[in-house]
1. Please pick out the residue among 24, 96 that is in contact (Cβ under 8 Å) with a residue 40 or more places away in the chain and either more than 19 Å from residue 123 (Cα to Cα) or part of a loop (DSSP other than H, G, I, E, B) (or both).
2. Within the group 93, 143, which residue is more than 13 Å from the chain's Cα centre (by Cα), loosely packed, with under 14 Cβ neighbours inside 10 Å and modelled with pLDDT of 95 or more?
3. Would you mind telling me which numbered condition in (1) under 20 Å from residue 120 (Cβ atoms); (2) at pLDDT 95 or above; (3) not in a strand (DSSP E or B) residue 54 fails?
4. Does residue 77 satisfy the condition of being surrounded by fewer than 20 Cβ atoms within 10 Å (Cβ to Cβ), modelled with pLDDT under 95 and under 23 Å from residue 125 (Cα atoms)?
5. For residues in region 107-124 being loosely packed, with under 13 Cβ neighbours inside 10 Å and either in a helix (DSSP H, G or I) or in contact with a strand residue (DSSP E or B) (Cβ under 8 Å, 6 or more places away or on another chain) (or both), which is modelled with the highest pLDDT?
6. In the list 78, 82, 93, 55, which residue meets the criterion of being out of contact with any strand residue (DSSP E or B) (no Cβ under 9 Å at 6 or more places or on another chain) and at negative phi?
7. Considering (1) over 17 Å from residue 106 (Cβ atoms); (2) at pLDDT 95 or above; (3) in a strand (DSSP E or B), say which one residue 46 fails and leave the rest.
């Protein structure tokens, strides 16, 4: 199974969010998403989040700064994949583009005006919700809506 991480970094107060303008993979090209990438062999998801964020946004974070948001398992893709979503509050003004994929800061409540990945439109508000403290597992099967939601640790 291919495993990935995506992280949403907010300023303190969660008024602004840092997004990256994707050039890869092709289906994401030109669209905005959280910062992230592949989880390496033997790497914990949160460790991959720290590494990917430093590589793409030029800002070193600690494992303890990232809070789990959601894990999605997509059985429809071949091979199946999973994505671990995280969020944090940091000094996003100190972030900078480290690759050809540019990181930019946007008002967190105005994402509907951007060409984002569709899940970004609901993941960012979920991360902004102070009452949201649970992590859920959502599994997708071909041509069906989410079939199971259960609390994970």
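The values are calculated or read from the model by the stated rules, or taken from the named source; none is laboratory data. Since the structure is predicted, the reported quantities are computational estimates derived from the model, not experimental observations. Here Cβ is always computed from backbone atoms with ideal geometry, including for glycine, and neighbour counts include all displayed protein chains.
1. Values: 96 fails: in contact (Cβ under 8 Å) with a residue 40 or more places away in the chain.
After applying the criteria, what remains is 24.
2. 93
3. It fails just one condition, (1).
4. no
5. 107
6. None of the others qualify; the one that does is 78.
7. If we test residue 46 against (1) over 17 Å from residue 106 (Cβ atoms); (2) at pLDDT 95 or above; (3) in a strand (DSSP E or B), just (3) comes out false.
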